[in-house]
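**Student:** Would you mind keeping the following structure in view while I ask a few things?
The values are calculated or read from the model by the stated rules, or taken from the named source; none is laboratory data. For clarity, every value in this text was computed on a predicted model and none was experimentally measured. All Cβ positions, even for glycine, are placed from backbone atoms using ideal geometry, and neighbour counts span all protein chains on display. Accessible surface is based on the protein model in full, side chains and every heavy atom, while ligands, DNA and RNA are left aside. Shrake-Rupley method; radii C 1.70, N 1.55, O 1.52, S 1.80 Å.
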Amino acid sequence: MKTLYVSDLDGTLLRNNERTSDFTNSVINDLTERGMIFSYATARSLITAKKATKGMVAKIPLIVYNGAFVIDNITEYILVANYFDSSVYEVIDDLLENKVYPIVYAYINGKEKFSFVPELCTEGMLKFLNSRKGDVRTNVVNSVADLKSGNLFYITCIDEPYKLKPLYEKYKNEFHCVYQTDIYTNEQWLEILPSKVSKANAVRQLKSLLQCEKIVAFGDGKNDIDMFELADESYAVENAHEDLKKYATGIILSNEEDGVAQWLAKNFI
């Protein structure tokens with residue numbers, strides 16, 4: 001039986017320094033050489049995911065932006081893409097009317113970009129953007145109208161909960177919305193994606209693409225719940241959100257203790 005092993009990154013496969021450890025890289029590289037089918041599903045882009053997992057050899061498609069894309073890690077060719085339709089422009093207008101200024105991700109002239117208006121950035125947005133200094137996707141715009149350029153696929157808002165929570169409640173049934181506190185900065189995030197986008201849908205697509213019969217998933221956050229519901233077996237790291245643990249087949253060591261790699265080393269046959 002072909003099994004797809006798929007892990008979340010931040011708080012799960014990555015340690016708190018936002019990197020995979022040498023031990024995790026060694027275990028996964030060794031097991032994939034022996035035939036394990038391993039991938040990861042992350043809210044990160046391919047660029048930042050690759051930086052965080054430097055040293056890990058992953059030769060199969062990867063799930064990024066919470067499932068917006070399935071991308072071949074070798075060729076970087078997009079295998080599955082999910083974009084917003086024109087209804088997203090009204091959402092952006094609504095955010096702006098509520099004085100919430102988003103970072104908007106889109107493909108513009110065939111290149112991935114994230115656009116923002118510097119003068120409208122919150123402190124939380126600036127922290128995030130400072131962590132992305134030198135990123136080739138950076139697209140500074142002078143007008144909020146320019147936030148609508150290209151094929152949009154992902155919107156990030158980093159602001160105060162009292163501003164973001166009502167917007168989450170308003171759009172959570174119309175789009176795929178993720179409302180959570182960033183584990184590194186403690187800033188409140190609201191992420192908005194096309195309605196069909198989810199880690200679970202992307203894992204389902206990847207399972208079919210690779211002709212696997214079984215899914216074993218690993219995670220730590222509430223946004224991993226749908227993936228756990230899909231999986232045949234699911235394991236939450238010790239540091240996982242209590243809500244996720246309710247859906248887990250079992251609890252493994254924490255991310256700081258390389259829980260995923262430790263489990264794989266003992267259980268992959």
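**Student:** If we keep just the residues of the stretch 96-147 that are without any contact (Cβ under 8 Å) to a residue 60 or more places away in the chain, open to solvent by 20 Å² or more (accessible area, probe 1.4 Å) and closer than 16 Å to Tyr83 by Cβ, which is farthest from the chain's Cα centre (by Cα)?
**Tutor:** Result: Asn109.
**Student:** Here is a follow-up. Is it the case that Gly134 is at pLDDT below 90 and on the phi > 0 side of the Ramachandran plot?
**Tutor:** yes
**Student:** Kindly check whether there is at least one residue in the stretch 186-199 that is surrounded by fewer than 21 Cβ atoms within 10 Å (Cβ to Cβ), at pLDDT below 90 and among the small types (Gly, Ala, Ser).
**Tutor:** no
**Student:** What pairs come out if I take residues in the stretch 248-269 that are modelled with pLDDT of 95 or more and in a strand (DSSP E or B) and pair them with residues that are surrounded by fewer than 17 Cβ atoms within 10 Å (Cβ to Cβ) and among the polar types (S, T, N, Q) whose C-beta lies under 8 Å away, six or more apart or interchain?
**Tutor:** Ile252/Gln262
**Student:** Identify all residues within the stretch 136-152 that are of a type in the set (A, V, I, L, M, F, W, C) and in contact with a strand residue (DSSP E or B) (Cβ under 6 Å, 6 or more places away or on another chain); write none if there are none. Full working, then the answer.
**Tutor:** Pass one, the stretch 136-152, residues of a type in the set (A, V, I, L, M, F, W, C): 136, 140-141, 144-145, 147, 152.
Hits for the stretch 136-152 are Val141, Leu147, Leu152.
**Student:** Hey, any hits in the stretch 160-167 for a residue that's touching a residue at least 12 places away in the same chain (Cβ under 8 Å) and open to solvent by less than 20 Å² (accessible area, probe 1.4 Å)?
**Tutor:** Yes, that holds for at least one residue.
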